[in-house]
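Novice: Structure provided below as structure tokens; questions to follow.
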Amino acid sequence: MRRTTRYILATSNPMGDLEALEKLVKLAPDTGADALAIIGNLMPKTAKSRDYAAFFRILSEAHLPTAYIPGPQDAPIWEYLREAANIELVRPEMRNVHETFTFWKGPYLVAGIGGEITDDGEPEEGEALRYPAWVAEYHLKTLWDLKDYPKIFLFYTNPYHKGLGEGGSHEVAHLVKTHNPLLVITAGRGQKHEMLGASWVVVPGDLSEGEYSLLDLKARKLEAGNVR
């Protein structure tokens with residue numbers, strides 16, 4: 001067992017595909033992963049508490065330090081949060097890091113902001129998860145008190161970067177450049193990665209399409225895989 005986190009098994013947008021999630025969890029030991037990162041949407045829009053309970057129950061079978069955040073469709077957020085709280089009572093290695101943080105061996109500080117991050121507007125957590133950039137910036141403000149820790153960020157919204165394709169948020173890119181995390185994991189189809197300043201930005205793939213990635217944090221290499 002390594003003394004530090006090096007290999008991270010990551011994916012995004014499971015969209016309630018429990019079969020794909022179960023396959024990912026079963027292959028985790030063979031990858032040598034030290035930790036697991038899951039970027040929402042964990043469930044489709046119609047999901048209830050029992051659906052999140054089933055999702056987290058399968059995810060817990062990996063028996064790895066696991067961090068996750070919700071996506072825009074994981075609304076209303078209280079269904080997600082209720083079941084995250086329930087599983088974390090019995091499996092403390094599992095942590096929702098939406099608007100908060102945890103630590104992985106290293107030590108690495110792992111923090112996240114789920115949902116869609118927009119340039120302006122009002123926060124929305126009922127019909128969809130949507131946050132103006134100032135909310136994301138406010139929740140990450142506490143990290144200035146923990147600035148000596150190397151950081152891993154989980155965002156649903158991609159930072160703007162030409163190498164990552166069309167779209168992307170300039171505000172998220174600004175947050176990345178402000179805090180300079182070692183690694184940023186975001187949502188999207190197709191496994192790809194680029195440097196944004198000093199930060200390694202990774203799109204690990206879409207689990208509803210079977211996609212996942214094994215990230216080598218030390219070498220900054222990505223091994224793409226598919227559970228199909």
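The values are calculated or read from the model by the stated rules, or taken from the named source; none is laboratory data. What you are looking at is a predicted structure, and each value in this text was computed from that prediction instead of being measured. We place every Cβ from the backbone using ideal geometry, glycine too, and count neighbours over all the protein chains shown.
Novice: Being part of a loop (DSSP other than H, G, I, E, B) and more than 19 Å from Asn13 (Cα to Cα), is that true of even one residue in the stretch 160-178?
Specialist: Yes: one or more hits.
Novice: Only one of Pro123, Pro76, Pro132, Pro159 is farther than 25 Å from Thr5 by Cα, free of Cβ contacts under 8 Å to residues at least 60 places away in the same chain and touching a Lys or Arg at 6+ places or on another chain (Cβ under 9 Å). Can you tell me which?
Specialist: Sole residue among the options that is farther than 25 Å from Thr5 by Cα, free of Cβ contacts under 8 Å to residues at least 60 places away in the same chain and touching a Lys or Arg at 6+ places or on another chain (Cβ under 9 Å): Pro123.
Novice: Here is a follow-up. Where the second residue is surrounded by fewer than 16 Cβ atoms within 10 Å (Cβ to Cβ) and basic (Lys, Arg) and the first is more than 14 Å from Val90 (Cβ to Cβ) and lies in the stretch 47-60, which pairs have Cβ atoms under 9 Å and are six or more apart or on separate chains?
Specialist: That search, which allows pairs on different chains as well, returns Ser49/Arg82; Tyr52/Arg82.
Novice: Continuing with this model, one more query. Taking the conditions exactly as written (in contact (Cβ under 8 Å) with a residue 40 or more places away in the chain, surrounded by fewer than 16 Cβ atoms within 10 Å (Cβ to Cβ) and in contact with a strand residue (DSSP E or B) (Cβ under 7 Å, 6 or more places away or on another chain)), does Pro107 satisfy them or not?
Specialist: The answer is no for Pro107.
Novice: Is there a residue being under 18 Å from the mean Cα position of the chain (by Cα) and in a helix (DSSP H, G or I) anywhere in the stretch 29-51?
Specialist: no
Novice: Out of all the residues in the stretch 135-156, which are surrounded by 20 or more Cβ atoms within 10 Å (Cβ to Cβ) and either of a type in the set (Val, Ile, Thr) or in contact (Cβ under 8 Å) with a residue 60 or more places away in the chain (or both)?
Specialist: Listed by number, the residues that qualify are Ile152, Leu154, Phe155, Tyr156.
Novice: Which pairs turn up if I take residues in the stretch 214-228 that are within 17 Å of Arg2 (Cα to Cα) and look for partners that are assigned to a strand (DSSP E or B) and of a type in the set (Val, Ile, Thr) with beta carbon separation below 7 Å, at least 6 apart in sequence or on another chain?
Specialist: Sorted first by the residue in the stretch 214-228, then by its partner, the pairs are Leu215/Ile8; Leu215/Val202; Leu217/Ile8.
Novice: Here is a list: Glu61, Glu79. Which entry is in contact with a helix residue (DSSP H, G or I) (Cβ under 8 Å, 6 or more places away or on another chain), of a type in the set (Asp, Glu) and modelled with pLDDT under 95?
Specialist: Being in contact with a helix residue (DSSP H, G or I) (Cβ under 8 Å, 6 or more places away or on another chain), of a type in the set (Asp, Glu) and modelled with pLDDT under 95 holds for just one of Glu61, Glu79, which is Glu79.
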